[in-house]
Amino acid sequence: MSELQAFILGLIQGLTEYLPVSSSGHLTIASHFFGIDGEQNLTFTVAVHVATVLSTLVILWKEIVWILKGLFRWDGQLNSEQRYALAIVVSMIPVGIVGVFFKDYVEEIFGSGLFVVGCCLVVTAALLIFSYYARPRQKEEISLWDGFVIGLAQAIAVLPGLSRSGSTIATGLLLGNKKERLAEFSFLMVIPPILGEALLDVLKAMKHGTEAATAGISTTALAVGFLTAFVSGCLACKWMINIVRRGKLVYFGIYCAIVGVLLILFS
């Protein structure tokens, strides 16, 4: 992997991790055209995912501090911060089950070609467009049940081409959650799963040997990919929050539909 390829892949990861167009799908497309086997570059994959987690912490630090302060305050009953944190914990259950018991199966799907990516992008498009036109009754808070259902959407979105942010935000909107808090919830709930997946990849790299995990990538390329993913992630995270508040997800749905159909037709 060259420095230019690392830059492009890091840029794709940083932008598409937050924009509802599927980071896994776009990375699969880019890796296909670059002729890069992701399994041979576990270190790079871990690095760019950790970079996007750091960008989330930077952009949403106020929300994180708000949650932490509320967690250690007891008013005789659960406060809003504690309920919010519990909803995040509950949302992690489905993807945790998938990560522990079905990780190898999911990795096989990632190697099944661009046709699957195209189909999943079309599903993402349908979900985004449907959530744009749906007008469910609005709720004040994200409940534990909402957190679990949104977590199910996140677990299904491990498929390449099915956008995690698009699936979770659209599901939350269909459940009646307010746009003002939904984007932040969607981005915060993914932090533990990404770190958990990164840990599993590190253990896998140790099992197969460091040389196999870093085959074909230099330290410079790794640094370029990490920094690019971090900076572009910060910009995309902030931008996406504003997009959700303005309710403009339908345009990303149209984009996903076009790319998905093209992949289906030409794969």
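The values are calculated or read from the model by the stated rules, or taken from the named source; none is laboratory data. Only a predicted model underlies this, so the values are computations on that prediction, with no experimental measurement involved. Here the Cβ is made from the backbone with ideal geometry for all residues, glycine too, and neighbour counts use every protein chain on show.
For segment 155-180, the set of residues classified as farther than 13 Å from residue 131 by Cβ and not in a helix (DSSP H, G or I) consists of 157, 158, 159, 160, 161, 162, 178, listed by residue number.
Filtered by the rule that a residue be closer than 23 Å to residue 122 by Cα and either crowded, with 20+ Cβ neighbours inside 10 Å or at pLDDT below 75 (or both), segment 32-58 gives a lone residue, 32.
Modelled with pLDDT of 85 or more, in contact with a Ser or Thr (Cβ under 8 Å, 6 or more places away or on another chain) and of a type in the set (Phe, Trp, Tyr), is that true of residue 110?
no
Listed by first and then second residue, the pairs with beta-carbon distance under 6 Å, at least 6 apart or on different chains, first residue in segment 245-267 and at pLDDT below 85, second of a type in the set (A, V, I, L, M) and part of a helix (DSSP H, G or I), are 249/128; 267/114.
Remark: residue 85 matches the filter, which requires a residue to be over 24 Å from residue 120 (Cβ atoms) and modelled with pLDDT of 85 or more.
Of the helices (runs of 4 or more DSSP H) entirely within segment 1-99, those holding at least 2 residues that are under 15 Å from the mean Cα position of the chain (by Cα) occupy 3-16, 23-34, 42-59.
Inside segment 112-152, residues that are assigned to a loop (DSSP other than H, G, I, E, B), touching a helix residue (DSSP H, G or I) at 6+ places or on another chain (Cβ under 8 Å) and of a type in the set (Gly, Ala, Ser) make up a count of 2.
Condition check ((1) of a type in the set (Val, Ile, Thr); (2) surrounded by fewer than 22 Cβ atoms within 10 Å (Cβ to Cβ)) across all residues:
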position	(1), (2)
231	yes, yes
234	no, yes
240	no, no
254	yes, yes
267	no, yes
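Residues in segment 144-157 that are of a type in the set (A, V, I, L, M, F, W, C) and within 17 Å of residue 187 (Cβ to Cβ): 150, 153, 155, 157. Could you tell me which residue of segment 129-161 is surrounded by the fewest Cβ atoms within 10 Å (Cβ to Cβ), considering only residues that are within 17 Å of the chain's Cα centre (by Cα), under 25 Å from residue 258 (Cα atoms) and of a type in the set (A, V, I, L, M, F, W, C)? Among those residues, the one meeting the criterion is 156.
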